[in-house]
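Report on the structure given below.
The values are calculated or read from the model by the stated rules, or taken from the named source; none is laboratory data. Note that the structure is predicted; figures quoted are calculated from it, not measured. For neighbour counting, all protein chains shown are included, and Cβ atoms are generated from backbone atoms with ideal geometry for every residue, glycine included.
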Amino acid sequence: MNIITDLFRLPSNDAGTEIMTPTTFTRGFAGDLNAKTALVFEDDRIILAVEYDFDEAPIYVDFHMDTLHIDIVQETGDIATLAQATVPVEELAQIQSAGSIALVTGSADNKLLQVVKLRVRGLENYRSAA
């Protein structure tokens, strides 16, 4: 079987039914997050990697066109603003058209990959300034 498929397959019991382990989150990170980040654009995909172990599940990413800031909004509503994210100006059109983003979080060997909604904020200010 394909090694990539094996990585993302859920464990199963003897009957072959996938086992889902519920995760309970209690708090999030709010404020400026000073963590290493990487923003990668490939074809029509955007990947954001953040070297931080969130205690709270990220549910979507906000990109602010007017300030070029990136926020990660977590399940409790806490918002982490990425302090070290740099956004290439030539990729703004791709950000505007993207509906989702691959978000990789975690440190060392403990990484979590999830595809979350990408919301673009401040677009009206960006268009009027262009």
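In this structure, does residue 105 turn out to be out of contact with any Pro (no Cβ under 7 Å at 6 or more places or on another chain), in a strand (DSSP E or B) and crowded, with 16+ Cβ neighbours inside 10 Å? Can you show your working first?
Working: out of contact with any Pro (no Cβ under 7 Å at 6 or more places or on another chain): no; in a strand (DSSP E or B): yes; crowded, with 16+ Cβ neighbours inside 10 Å: yes.
For residue 105, the condition - out of contact with any Pro (no Cβ under 7 Å at 6 or more places or on another chain), in a strand (DSSP E or B) and crowded, with 16+ Cβ neighbours inside 10 Å - is not met.
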Unmet criterion (only one of (1) out of contact with any helix residue (DSSP H, G or I) (no Cβ under 6 Å at 6 or more places or on another chain); (2) not in a loop (DSSP other than H, G, I, E, B)) for residue 63: (1)
Test: residue in the stretch 29-47 that is at pLDDT below 85, surrounded by fewer than 13 Cβ atoms within 10 Å (Cβ to Cβ) and assigned to a strand (DSSP E or B): no
Count - residues of the stretch 75-107 that are in contact with a helix residue (DSSP H, G or I) (Cβ under 9 Å, 6 or more places away or on another chain) and among the acidic types (Asp, Glu): 0
Breaking point among (1) of a type in the set (Gly, Ala, Ser); (2) surrounded by 13 or more Cβ atoms within 10 Å (Cβ to Cβ); (3) in a loop (DSSP other than H, G, I, E, B), for residue 77: (2)
